[in-house]
Amino acid sequence: MSTRRSQNPKHFRCYSFSSIPNPSPVMPSLLVFSGGTAFNGVVEELKNFTTCVAHVLPVSDDGGSTAEIVRVLGGPAVGDIRSRCLRLADKSSSEAVAVRRLLGHRLPLDSRQAKSEWYDIVEGEHLLWTGVSKPYRETIRAFLVYFQNQILQRSDESFCFSNGSIGNFFFAGARTFFQSLDAAIFLFSRVSDIPSESLVLPVISTNDRLTLGCELWDGTIIRGQNEISHPTKGYMEPVNKESSSFPALPSRIKRVFYMSSEGQNLLHEVFPAANPSVLDQLRNVDCVVYAMGSLFTSICPSLVLIGIGEIISSRSCPKVLLLNGTRDRETSGFSASCFVTAITDALNRTYGNPHNCLANLPSQYINTVLVPKGGEIPIDVQRLAAQGIFNVIVVDSIHDPKAGVVFDPKSLIQAVVDVIGRYTTTNLTAVV
């Protein structure tokens, strides 16, 4: 049963799964801005509602095995893209499960054990190949072998396989072979049998390395996604994203931007173009979603590009923010309205080149906020109202041992269904 908070029933509602009507048989289309981790937990449930989803992901990750690939071979980071592709991969047959298991495998942390296991895999002798038919085996292995040859050609660079992702290695082999990230995604999508209407789109279509930087309010410049959100002691160290694991930033983040691969300050800022496919999808989808996750290093890198804010602000459709259940190093002290302000500033490019700035209102970018029940982010309703956001919906949550309070996937997707349904109904009524 749905309930209403007495503090401001005009725009603060609470929904549980049982209160949401059944979805329409017609699949709506969504575009989701996300990173490669937090939204993965609801991808399976989202597929039960619609597979017409464009997943837009950044290509600036510089941690884990992705960092090692970029260090030796260059090119964009593929870790987040590989992670989402695996979540979307088919699981309806034993072979599909076997392919997913192979491409989702990580090598041991010990570098010698990792290298030994890698050779077993690339030579086709590892048990992970069990259940993979000859056509799939030959296709996947061909690009793993190509990747191996590429790193051997870099005789001046010693590649570390520790904690390496086989899916990342496959992606890197395909990208370097085709000299195209889009072609590599297409191949991965076909090998893992992702529905053709489900798109995994890098926000920047490039074959070059991209580095994320951020400017703090005290003027400090930080280079690299990992250094901003979860600094580690070494490239291959497993990432623990719990906020308590890292020292606080000396100041809040003012903005994120892209910089040249060797750049260290604002003089090295670069302005890559947004992927045209992302812009095309934005013009046509039924709903835009800003997913939960690392606000400044997973979401905002996709929003600061020219064209993104222009199109979103011009659209008349649900524009939904999925609020985090916990704070992290990037959002210490944030309330819900702070998340809205950060997204608005990114889309407006408020603190970037003054010739590229927009002046759109928060409500032109976000018209609905979904909140996980019991989350630790304060919901400052009056401030959200001042920003023009009146549709604030509390959704059932669960407790994840590592991530803390997160959305209950079924309740979250049904809440999105309701938002789209009510918006469609309102528009149809207005037309009539």
Select from the stretch 374-383 the residues that are surrounded by fewer than 18 Cβ atoms within 10 Å (Cβ to Cβ) and either under 21 Å from ASP328 (Cα atoms) or in contact with a strand residue (DSSP E or B) (Cβ under 7 Å, 6 or more places away or on another chain) (or both) and list them in ascending order.
GLY374, GLU376, PRO378, ASP380
Residue under evaluation ALA291, criteria (1) touching a strand residue (DSSP E or B) at 6+ places or on another chain (Cβ under 9 Å); (2) open to solvent by 10 Å² or more (accessible area, probe 1.4 Å); (3) under 21 Å from VAL59 (Cα atoms); (4) not hydroxyl-bearing (Ser, Thr, Tyr), criterion not met
(2)
Candidates ALA386, ALA359, filtered to the one that is more than 20 Å from VAL288 (Cβ to Cβ), open to solvent by 30 Å² or more (accessible area, probe 1.4 Å) and over 19 Å from the mean Cα position of the chain (by Cα):
ALA386
Going residue by residue through the stretch 36-54, is there one that turns out to be touching a Pro at 6+ places or on another chain (Cβ under 8 Å), open to solvent by less than 10 Å² (accessible area, probe 1.4 Å), small (Gly, Ala, Ser) and within 30 Å of GLU262 (Cβ to Cβ)?
no
Being touching a helix residue (DSSP H, G or I) at 6+ places or on another chain (Cβ under 9 Å), surrounded by fewer than 16 Cβ atoms within 10 Å (Cβ to Cβ) and either among the β-branched types (Val, Ile, Thr) or part of a helix (DSSP H, G or I) (or both) is the filter here; which residues of the stretch 102-133 pass it?
TYR119, ASP120, LEU127, THR130
Please work out which one of (1) surrounded by fewer than 24 Cβ atoms within 10 Å (Cβ to Cβ); (2) closer than 22 Å to ASN168 by Cβ is the condition PRO58 fails and give its number.
(1)
Any idea which of (1) over 22 Å from THR51 (Cα atoms); (2) of a type outside the set (D, E, K, R); (3) surrounded by 17 or more Cβ atoms within 10 Å (Cβ to Cβ) is the one ILE413 doesn't satisfy?
(1)
Pairs, first touching a residue at least 40 places away in the same chain (Cβ under 8 Å) and within 11 Å of ILE312 (Cβ to Cβ) in the stretch 346-366, second of a type in the set (Ser, Thr, Tyr) and assigned to a loop (DSSP other than H, G, I, E, B), C-beta under 7 Å, six or more apart:
LEU347/TYR365
Does LEU295 satisfy being at pLDDT 95 or above and under 18 Å from GLN364 (Cβ atoms)?
no
Please verify whether PHE339 is assigned by the TED database to the domain that holds ILE366, within 17 Å of the chain's Cα centre (by Cα) and on the phi < 0 side of the Ramachandran plot, treating the condition exactly as stated.
yes
The stretch 144-200, subset under 24 Å from the mean Cα position of the chain (by Cα) and of a type in the set (Lys, Arg), residue modelled with the highest pLDDT:
ARG175
Within the stretch 201-217, the count of residues that are over 27 Å from ASN284 (Cβ atoms), at pLDDT 95 or above and in a loop (DSSP other than H, G, I, E, B) comes to 1
Examine the stretch 268-279 for a residue that is farther than 30 Å from LEU109 by Cβ, among the hydroxyl-bearing types (Ser, Thr, Tyr), open to solvent by less than 30 Å² (accessible area, probe 1.4 Å) and at pLDDT 95 or above, and state whether such a residue exists.
no
For strands (runs of 3 or more DSSP E) lying entirely in the stretch 310-429, having 1 or more residues that are at pLDDT below 95 picks out 397-400, 404-407
Of the conditions (1) open to solvent by less than 50 Å² (accessible area, probe 1.4 Å); (2) closer than 20 Å to GLY421 by Cα; (3) assigned to a helix (DSSP H, G or I), THR297 clears all except one; give me its number.
(2)
With (1) open to solvent by 70 Å² or more (accessible area, probe 1.4 Å); (2) assigned to a strand (DSSP E or B) as the list, and ARG190 as the residue in question, which single condition is left unmet?
(2)
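The values are calculated or read from the model by the stated rules, or taken from the named source; none is laboratory data. The model shown is predicted, which means the values in this text are computed figures rather than measured ones. Positions of Cβ are backbone-derived with ideal geometry, glycine not excepted, and every protein chain shown enters the neighbour counts. Accessible surface areas use protein heavy atoms only, side chains included; no ligands, DNA or RNA. Shrake-Rupley method; radii C 1.70, N 1.55, O 1.52, S 1.80 Å.
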